[in-house]
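Report on the following structure.
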Amino acid sequence: MTTSIPTSRTKVKRVPQRGLYEKKDIYPILDEALVCQVGFLWDGYVTVIPTIHWRIGDHLYIHGSTASRMMEVLASGKEACITVTLVDGLVLARSVFHHSMNYRSVVVFGSGKVIESPEEKEKAMEEFVERIIPGRWSEARLPKPQEIKATTIIAFDLKEASAKIRTGDPVDDEEDYDLPVWAGVIPLQTEVKAPIADPRLSSKISLPEYVKTWSPRRERL
């Protein structure tokens, strides 16, 4: 994986040492996050919509109904800003001012390209399903032609993206280290609980292995 050159929009200015521009740092964050926030300009005001995303190679994909306002705007080629954030811990310093979070975040800028052909759209849908639940595509009912037609899929090139990551302990002013105040990190992580079967599920259908072993952390190229 190569290093992307930061642009005026992606270059981290606040605590710049936390900025990262290599795909090896950016892509795992995008792959682990289940939700992104899509910011765009609509009818004169800024709108931010949460949605599911997935990555194929050097492109980030989002999808939605053809009747969606967001998809209509993005399909027209207008610029968007897409962000994801993973919170890894609450950082408690000795002073209120220096409280923080440990996090991993990515910001992507650019305009998207609509995936037009039904074949490409179905392939992108397959990648989407396999990104969320690997192994599911071969088991569930595949999308009907009218379902594919009713879905808009847009791909964003990841050439203008950056990550920002904070890890580690609190950073206090030197004179505050002697204060009688507890300081440290409260770690946070996604908890995967036991799957809950649909009440209408046949008792003859067993729990798939890919559901038993599902994890948000997955290695992808």
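Under the condition of being aromatic (Phe, Trp, Tyr) and open to solvent by less than 50 Å² (accessible area, probe 1.4 Å), which residue from the range 129-181 is farthest from residue 56 (Cα to Cα)?
137
Output the residue which, of all residues in the range 182-213 that are touching a Gly at 6+ places or on another chain (Cβ under 8 Å) and open to solvent by less than 70 Å² (accessible area, probe 1.4 Å), is farthest from residue 134 (Cα to Cα).
Per the criteria, the residue is 185.
Conditions: (1) in a loop (DSSP other than H, G, I, E, B); (2) within 23 Å of the chain's Cα centre (by Cα). Residue 129 meets all but one. Number of the miss?
It fails just one condition, (1).
How do the strands (runs of 3 or more DSSP E) wholly within the range 146-221 filter down when requiring 3 or more residues that are more than 30 Å from residue 6 (Cα to Cα) and among the polar types (S, T, N, Q): which remain?
none
Inside the range 1-93, counting only strands (runs of 3 or more DSSP E) that do not spill past its ends, which hold 2 or more residues that are in contact with a Phe, Trp or Tyr (Cβ under 6 Å, 6 or more places away or on another chain), open to solvent by less than 70 Å² (accessible area, probe 1.4 Å) and touching a residue at least 60 places away in the same chain (Cβ under 8 Å)?
In the range 1-93, 59-65, 79-92 are the strands (runs of 3 or more DSSP E) which contain 2 or more residues that are in contact with a Phe, Trp or Tyr (Cβ under 6 Å, 6 or more places away or on another chain), open to solvent by less than 70 Å² (accessible area, probe 1.4 Å) and touching a residue at least 60 places away in the same chain (Cβ under 8 Å).
The values are calculated or read from the model by the stated rules, or taken from the named source; none is laboratory data. Bear in mind the structure is a predicted one, so any value in this text is a computation, not a measurement. Every residue, glycine among them, receives a Cβ derived from its backbone with ideal geometry; neighbour counts consider all protein chains shown. Ligands, DNA and RNA are stripped out before the accessible areas are found, and what is left, the full protein with its side chains, is counted by its heavy atoms. Shrake-Rupley method; radii C 1.70, N 1.55, O 1.52, S 1.80 Å.
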